[in-house]
Amino acid sequence: MDKDLIAERFTKAKKTYTQTACVQHLIAEKMMQLLLTYTPAPKFHHIVEFGCGTGIYSRMLQQELHSETLLLNDLCPAMENCINDLQPQAHQPSVHFIAGDAEQLNFPSGTDLITSCSTLQWFEHPQAFFIRCQHFLSANGYFAFSTFGQDNLKEIKQLTGEGLSYLSLEQLGYMLEPYFEMIYMEEEIQHLTFDTPMQVLYHLKQTGVTGTKQSTWTRGRLQLFNSQFIEKFSREEDGKVILTYHPIYVICRKTDTEVYK
């Protein structure tokens, strides 16, 4: 995983991400509703969000949970400029930003909630990260996140051979269960439709999710991609092409026994 390339692509997309990432908006809204339903959300005093990006989910955390502190983290230092509006006001949490790779950072001990939306799929060693999060959480602290499953952007991977290696719902559960009490797990499939395959590529570029590999799109490669996408992934009724998203939602609680690594 080239973290520098990932940071570069998301930094370039920071001005267009919030307007373009419609699926990620829906995922953040659902994640917030799940937190309000399955956790003692109003009682979280200290919250950490890793992979905050442009702050879509961050603003929901601030508006809904009213914690004492909200620590926002992202791989891209430039994202701090995107959350300047999240400054403490009356009855609002103290908000801080820290740039860096969440897999390497030490979050504050005694955190009540570590959470994220649409980030974990970029991690190289998720199980090691789960163990670290358990150490940072308070007693009975919660770990809640969304990521993407194995069918995510499957059209792109089938045609280009490029893409992330996504974990399944079962694999995530297997990694988490030794360290957490599982509260909620769910996966779903969402489809976006576009008029042309070129619009699909533009959508992915605008959301920054093309950071898996440096590749060159020649005219011939674009023409082949276009024709194959239409042939394999267009709807008969209107000719629009389909792009698949496969979100996974997880909420779990720290167990009594800590595991160190």
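Side notes on the structure shown:
- Pair-distance profile P(r), taking every C-alpha pair of the stretch 13-94, with 10 angstrom steps and integer %: 17, 51, 29, 2
- Qualifying GluC sites (Glu not before Pro) in the stretch 111-220, where qualification requires a DSSP coil assignment and no more than 16 other C-beta atoms within 10 Å, comprise GLU124, GLU162, GLU188.
- This ranking places ILE156, ILE230 by how few other beta-carbon atoms lie within 10 Å of each, fewest first, which gives ILE230, ILE156.
- Farthest toward the positive end of the dipole of the stretch 121-178, out of SER146, THR160, ALA128, is the Cα of ALA128, where the dipole comes from beta carbon charges about the Cα centre.
- Bridging of LYS254 to lysines at a Cα separation below 30 Å is possible for LYS3, LYS30, LYS43, once same-chain residues fewer than 8 apart are set aside.
- Fluctuation leader among THR11, THR37, THR115 - the chain, Gaussian network, Cα springs under 10 angstrom: THR37
- Most fluctuating residue given options CYS133, CYS117, CYS22, as computed from a GNM of the chain linking Cα atoms under 10 Å: CYS22
- Here's how it looks for GLY141: its modeled amide H is under 5 Å from those of LYS254, which are all 5 or more places away or on a different chain.
- For the stretch 3-143, a crude dipole built from +1 on the beta carbon of Lys and Arg and -1 on the beta carbon of Asp and Glu, taken about the Cα centre, is about 220 debye to the nearest 20.
- Kirkwood Rh (inverse of mean 1/r, distinct Cα pairs), the stretch 92-136, angstrom: 11.8
- Dipole of the chain computed with +1 at Lys/Arg Cβ and -1 at Asp/Glu Cβ about the Cα centre; of ILE114, HIS203, CYS52, farthest Cα towards the positive end is HIS203.
Every number in this text was worked out from the coordinates using simple rules, so none of it is lab data. Treat the numbers as computed from the prediction; the structure is a model and nothing was measured. Backbone-built Cβ (ideal geometry, glycine too); neighbour counts: all protein chains shown.
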